[in-house]
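What follows is a single structure, written as structure tokens, with notes after it.
The values are calculated or read from the model by the stated rules, or taken from the named source; none is laboratory data. Remember, predicted model here, so these are calculated numbers, not experimental data. Glycine gets a Cβ as well: all are built from the backbone with ideal geometry, and neighbour counts include every protein chain shown. Keep in mind that these areas ignore ligands, DNA and RNA; they rest on the heavy atoms of the full protein, side chains included. Shrake-Rupley method; radii C 1.70, N 1.55, O 1.52, S 1.80 Å.
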Amino acid sequence: MASDTLLARITDYASRPDPYPLYTELREAGPVVRQTDGSHLVGTYHEIAALLHDPRMSAEPRSRGETAPRPPFLRLDDPEHHRLRTLAMRPFGPPHSPGRVDAMRDEIARITKELADTVQAGRQIDIVDDFAYPLPVTVICRLLGVPREDEPLLREWSDALVTSADVKPGEDATERTRAGDQARIEMGRYLLDLAEQRRDHPTGDMLSAFVNEPDPALRLTREELAETAILLFIAGHETTVNLITNGVLTLLRHPEQLDRLRRDPDLLPRAVEELLRYEPPVHMRERVPLADIDVAGTTIPAGASVVLVLASGNRDPMRFPEPDRFDPTRPDNQHLGFGSGIHLCYGAPLARIEAQAALGALIPHLGTARLVQDPPPYRQNAMLRGPRHLPVHL
């Protein structure tokens with residue numbers, strides 16, 4: 001098939017179990033491949049990394065001609081992106097709250113142990129529903145101060161928002177965009193109400209910190225607070241669910257590496273980095289150039305849609321020797337699993353801790369485990385790729 005239909009084939013649900021042959025085709029077709037809809041795909045590591053650091057590449061919806069409500073900082077350019085990201089970081093990480101994530105380690109270990117204690121030999125479990133989803137959702141709810149009993153409601157809104165952001169060429173996105181906008185409104189209203197309950201009555205969570213910021217110059221507006229809280233909830237669990245689930249699937253497909261990690265748990269941090277390269281939770285990002293940009297001899301015109309296929313860059317043999325081999329001891333593993341540049345994943349330190357804790361707790365139970373279905377059923381989303389269920393018999 002022609003390379004100008006690659007995006008359509010990559011996003012086709014039939015490709016979800018294994019898009020990597022298409023990524024190979026993308027890299028071989030050139031650093032930049034124009035599609036029939038006028039968009040441009042970039043699938044080689046060095047070109048993706050350069051574009052992620054290029055200030056001429058915009059993440060803003062209005063660069064695409066969209067007239068959406070105010071976007072979260074993930075979809076803003078500097079200087080506004082820097083301002084909002086800095087304010088959002090104040091109660092989360094250094095320099096203002098350096099202990100926030102580290103203080104969660106014991107809590108994460110306790111939650112993980114509770115979930116792992118339900119894993120018993122001789123029965124079937126779903127890694128997603130029984131483990132990979134409950135862990136990060138519980139953690140982000142604790143961080144934000146969201147009551148656990150409200151989690152199903154937030155999951156429904158989150159699913160609608162993630163679906164609305166997916167890349168689907170040739171599809172009329174009107175309905176899923178409308179559903180996403182409605183979910184954003186309802187979720188934002190809920191989180192603002194929750195924050196207001198903590199005004200002058202802080203409870204040690206991030207919503208409390210946002211709403212009780214004493215310096216007027218450092219306060220988020222109501223709209224900014226709503227969008228930031230929505231982003232933190234979604235980003236705080238969606239990608240981590242995929243990271244944990246893809247990790248278990250990869251280890252069960254590579255029993256020799258599973259056994260190696262069981263014998264040497266100190267390898268786990270490096271194994272998580274390799275999983276972020278080998279089976280990343282985020283496969284692509286969309287950007288729009290604000291000016292004509294030359295990439296490896298191809299001119300991408302201003303205003304065109306550019307899809308940076310991060311997962312393809314992670315398998316680029318020009319950057320990673322034997323890229324299709326899963327190697328937990330891989331050196332110099334500067335993957336694109338958390339993106340790069342100014343939009344480098346805000347929650348990467350937390351995601352690493354959660355993935356290490358989850359896999360560390362599960363690995364002792366996986367020695368005689370077998371996949372009930374391989375490939376498993378995948379989520380519809382091509383951008384945030386991962387199994388919807390992962391049934392495993394222990």
Exercise for review: Report the label-to-label distance for Glu149 and Asp200 in nanometres (one decimal), using points 7 Å from each Cα along the Cα→Cβ vector.
Suggested key: 2.6
Check your understanding: How much length, in nm to one decimal, is gained on full extension between Asp215 and Thr86, taken as 0.36 nm per residue of separation minus their Cα-Cα distance?
Key -> 45.0 nm
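Taking the square root of 5 times each eigenvalue of the Cα gyration tensor, what semi-axes in Å does the equivalent ellipsoid of the stretch 206-276 have, largest first? Intermediate results must be reported in sequence, preceding the final value.
Numbers: eigenvalues 325, 35, 11 Å².
Semi-axes from the Cα gyration tensor: 40, 13, 7 Å.
For the stretch 119-206, state which GluC sites (Glu not before Pro) are in a DSSP loop and have at most 12 other beta carbons lying within 10 Å of their beta carbon.
Numbers: sites: Glu149, Glu156, Glu171, Glu175, Glu186, Glu196; in loops: Glu171.
Taking the stretch 119-206 and a limit of 12 other Cβ atoms within 10 Å, the loop GluC sites (Glu not before Pro) found are Glu171.
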**Study point:** Linear extension gain, Asp37 paired with Ala173, 0.36 nm per residue minus alpha-carbon span
**Key:** 47.5 nm
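Taking only DSSP H segments of four or more residues, each worth -39500 (n - 2.57), what value at 222 nm results for the chain once the sum is divided by all its residues, to the nearest 500 deg cm²/dmol? If you can, show how the numbers build up before the last one.
On the way: 15 runs with 170 residues, N = 394.
One gets -13000 deg cm²/dmol as the mean residue ellipticity at 222 nm.
Net charge near Pro216: determine it from the other residues with C-beta under 15 Å of the C-beta of Pro216, scoring Lys and Arg +1 and Asp and Glu -1.
Values: positive: Arg83, Arg90, Arg199, Arg219, Arg222; negative: Glu213, Asp215, Glu224.
After counting each charged neighbour, the total is +2.
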Practice item. May I ask you to derive the FRET efficiency for Ala14 and His96 from their Cβ-Cβ distance with R0 = 41 Å, giving the value to the nearest 0.05? Key: 0.30
Point to revise | Cα convex hull volume per residue for the stretch 1-116 (Å³) | key: 201
Practice item. Between the alpha-carbon centers of the stretch 270-334 and the stretch 181-245, tell me the distance in whole angstrom. Key: 30
**Study point:** Simple label model, 7 Å out from Cα along Cβ direction - Asp78 to Glu156, nm
**Key:** 4.1
Review point. With every protein chain left in place, what is the accessible area of Asp172 in Å² (1.4 Å probe, nearest 10)?
Key: 120
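Multiplying the sequence separation of Ile185 and Gln120 by 0.36 nm and subtracting their Cα-Cα distance, what value in nm do you get? Before the final figure, lay out each step's value.
Working: separation 65, 0.36 × 65 = 23.40 nm, distance 4.13 nm.
Using 0.36 nm per residue and subtracting the Cα-Cα distance, I get 19.3 nm.
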